[in-house]
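See below for the structure under consideration.
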Amino acid sequence: MSDPFIPASVTVEALQQESHDVFTLSVCAPSNYAGFTPGQFNMLYLPGRGESAISISGDPGNNSTITHTVKAVGNVTRALCDLRPSQRIGLRGPFGRGWPLEQANGRELLLIAGGIGLAPLRPVLYAALEAPKRYARITVLLGARSPQDLLFTEELQRWKSHTDLQFLASVDNADANWQGDVGVITQLIPRIEMNPKNVLAMICGPEVMIRFCAKSLRDRGVPADAIYVSLERNMKCALGICGHCQLGPHFLCRNGPVFGYAEVERFLMTREF
Ligand SMILES: Cc1cc2nc3c(=O)[nH]c(=O)nc-3n(C[C@H](O)[C@H](O)[C@H](O)COP(=O)(O)OP(=O)(O)OC[C@H]3O[C@@H](n4cnc5c(N)ncnc54)[C@H](O)[C@@H]3O)c2cc1C
């Protein structure tokens, strides 16, 4: 078995700008690549810069290209967003526990994404839309700061009119062209069609959004054990050794990043060091 600390060298295939500070970075999969589970992440490494945990945002059915969607916030992510095709970067992964999509069979699948939180949920949607009849209903709720912050805009148009999807989007600040909802994403929850006893919800976004969405779902009668969330913490080794991403008894890299809401509710909003 290869050393999980040593990154594979992979070639950048494409870099697509999604918004002013978010880019989708596709790399050629290494020869021994065995695919990923939606919700898993890779560690992307740039010599002289460092390494960052980035979720896999592409189609789980595609084993030749690995896709990540990166928000340029600091040293490593800014450099990742400056890459050009044919440059090489280091990649370790995939790591972590993904979304429990198989548990959604026969149930209503509800995806709630805020901002860059759509990236780790997009592979779930790709997989679900491969076999939509497996689910009693598929709903996507999307929130963004403004229309300019929406990601994957061409796909959003397709999802909006997809006959197998209930799709609602809301932005905090609209412009003159925006025709969707305005306000926080939680306001969409009371309006959607759903049978709360048959839902499996997956939420990804800022922790404050996760808490309020989970509360709204609970208020509509969704059981706590039907809500899953993906969390972020500063991560270094990704192998459950260094402890940087520890949250209470959990190591996010090994036990997460996806958790049952009931498992982590009391640790949310805990400041990291
Ligand atoms: C499991 C997991 C999946 C992730 N998936 C994605 C993804 O798909 N796309 C994406 O753009 N980012 C993702 N992140 C966040 C990403 O890892 C950080 O933004 C990145 O490591 C920051 O590194 P930097 O050197 O660019 O910034 P730094 O210079 O290290 O930090 C810049 C700012 O970002 C904050 N920050 C650093 N790391 C994190 C973190 N892990 N969570 C929250 N804030 C952080 C710092 O406190 C600082 O304020 C994920 C993180 C985890 C743990």
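Between Gln148, Gln17, Gln179, the residue with the greatest mean-square fluctuation in the GNM of the chain (Cα pairs under 10 Å linked by springs) is Gln179. Note on the chain: antiparallel DSSP beta bridges, both residues inside, total approximately 55 percent of the bridges counted. The angle between the Cα long axis of helix 118-130 and the main principal axis of the chain comes to about 70°, on a 0 to 90 degree scale.
Among the chymotrypsin sites (Phe, Trp or Tyr not before Pro) within region 1-58, those in coil by DSSP and having at most 15 neighbouring Cβ atoms inside 10 Å are Phe5. DSSP assigns beta bridges within region 1-139; of those with both partners inside it, close to 90 percent run antiparallel. Shown here for region 182-267: GluC sites (Glu not before Pro) in loop regions (DSSP other than H, G, I, E, B) with at most 10 other Cβ atoms within 10 Å, namely Glu193. Once Rg and the Kirkwood radius are both taken over the C-alpha atoms of the chain, their ratio Rg/Rh works out to 0.95. Under 22 Å from the Cα of Lys71, which lysines turn up, not counting those fewer than eight places away in the same chain? Within the straight-line limit of under 22 Å, Lys71 reaches these lysines: Lys236.
For region 101-230, the Cα gyration tensor yields ellipsoid semi-axes of 22, 17, 13 Å (square root of five times each eigenvalue, largest first, whole Å). Within the chain, the cysteines lacking any other cysteine Cβ closer than 4.7 Å to their own Cβ are Cys28, Cys81, Cys204, Cys213, Cys245, Cys253. Heavy-atom accessible surface of region 115-273, averaged per residue, reaches 49 Å², computed with a 1.4 Å probe.
For the chain, the share of accessible area belonging to carbon and sulfur comes to 49 percent (1.4 Å probe, ligands and nucleic acids excluded).
Would any residue of region 140-157 have its amide N under 15 Å from a label point 7 Å out along Cα→Cβ of Asn177? List them or say none. Within reach of a label on Asn177, which here means backbone N under 15 Å from a point 7 Å along Cα→Cβ, region 140-157 contributes 146-157. In the chain, helices alone account for a calculated mean residue ellipticity at 222 nm of -4500 deg cm²/dmol, with every DSSP H run of four or more residues adding -39,500 (n - 2.57). Helix 207-219 and the longest principal axis of the Cα set of the chain meet at an angle near 30°.
The values are calculated or read from the model by the stated rules, or taken from the named source; none is laboratory data. Not measured: the values here are computed from a predicted model. Neighbour counts run over all protein chains shown; Cβ positions are idealised from the backbone, glycine included. These accessible areas exclude ligands, DNA and RNA; they are computed on the full protein's heavy atoms, side chains included. Shrake-Rupley method; radii C 1.70, N 1.55, O 1.52, S 1.80 Å.
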